[in-house]
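Participant: Structure below; questions to follow.
FYI, it's all coordinate maths here, none of it is from the lab. This is a predicted model, so every value here is computed, not measured. In this analysis, Cβ positions are derived from the backbone assuming ideal geometry, glycine residues included, and neighbour counts consider all displayed protein chains.
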């Protein structure tokens, strides 16, 4: 049996807190960009420059943490399925503290702590969400995400940087002072192009593994996870990203919607070894393409002021297009 989600959020429900967030974010972001353009010379000392960068980063984190809780308190009760609504009871102070500590530990450990930071805040947000009076639990482990970061991101990027440095060094040594400016520019352009391709290939498997790690939740005695295979999934993501690049970004709404359809159908709900249902996405790609582009352009034209209404319009359409397809359980698996 198919049951559609429902999302009743309106732009008027949250435009005031969003406007506060948006103004603070833009002020801090612009100040940060102005200082970054001038570099250390603008403040006169490299140490002071680094300190100011950290302060701006911390301020942005504080704003993000505070308003994440505010927005979730407003939005999640607007989401429902089968007549039952979600709710959120997260605490601003606790979530803010977790983010500040996570940022500091990530910087001190040179980003090594990032997987455990991600795990902690994800587990908190999920545990503070309730549906039908029950809070789900996040089952992802920080150690597993660390392996994904290490093998899927950090090591490949380090190896890539070493290869690029060696290649540039060899090129400079061979060309010497006689190398023309045109040849140097051509070599730099070629290296940049190849680097982008390699990074593109690296990031796809990492994204897949990371998002699959996030899809690992238990609600009551029901496990929620992706049932996917590595190579077909990475191939699908890569194809959608390539189409987006080839079309100079025009294709991006269709790419997101096709990936939503692909992975929604592979999001499985199970009790023990029995599947009890899975998600599905039945939205029309053409209509969604127009909706996402239209709402995005309106948000850009209005310098972000329209974002609350764009989010509400897109969210309502996405929810209505998303279904939970339940399956009949045999007697031995029924409650």
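Participant: Let me have the relative contact order for the range 220-329, percent, based on Cα pairs under 8 Å that are six or more residues apart.
Facilitator: 27
Participant: Taking Cα pairs under 8 Å and at least six residues apart, what relative contact order does the chain come out at, in percent?
Facilitator: Relative contact order comes out at 21 percent.
Participant: Of 13, 325, 284, which is the most mobile in a GNM of the chain whose springs link Cα atoms less than 10 angstrom apart?
Facilitator: Result for the chain, Cα springs under 10 Å: 284 fluctuates most.
Participant: For Cα pairs less than 8 Å apart in space and 6+ apart in sequence, what is the mean separation divided by the residue count of the range 9-134, i.e. the relative contact order in percent? It would help to have the intermediate numbers written out before the result.
Facilitator: Values: 101 pairs, mean separation 28.2, N = 126.
Rounded, it is 22 percent for the range 9-134.
Participant: Given the peptides 205-217, 121-133, arrange them by the average over their residues of other C-beta atoms within 10 Å, most packed first.
Facilitator: 205-217, 121-133
Participant: Here's a follow-up. Apply the a/c threshold of 1.5 to the C-alpha gyration tensor of the range 220-329 and tell me whether it is rounded, prolate or oblate.
Facilitator: Details: a/c = 2.89, a/b = 1.59, b/c = 1.81.
Verdict is oblate for the range 220-329.
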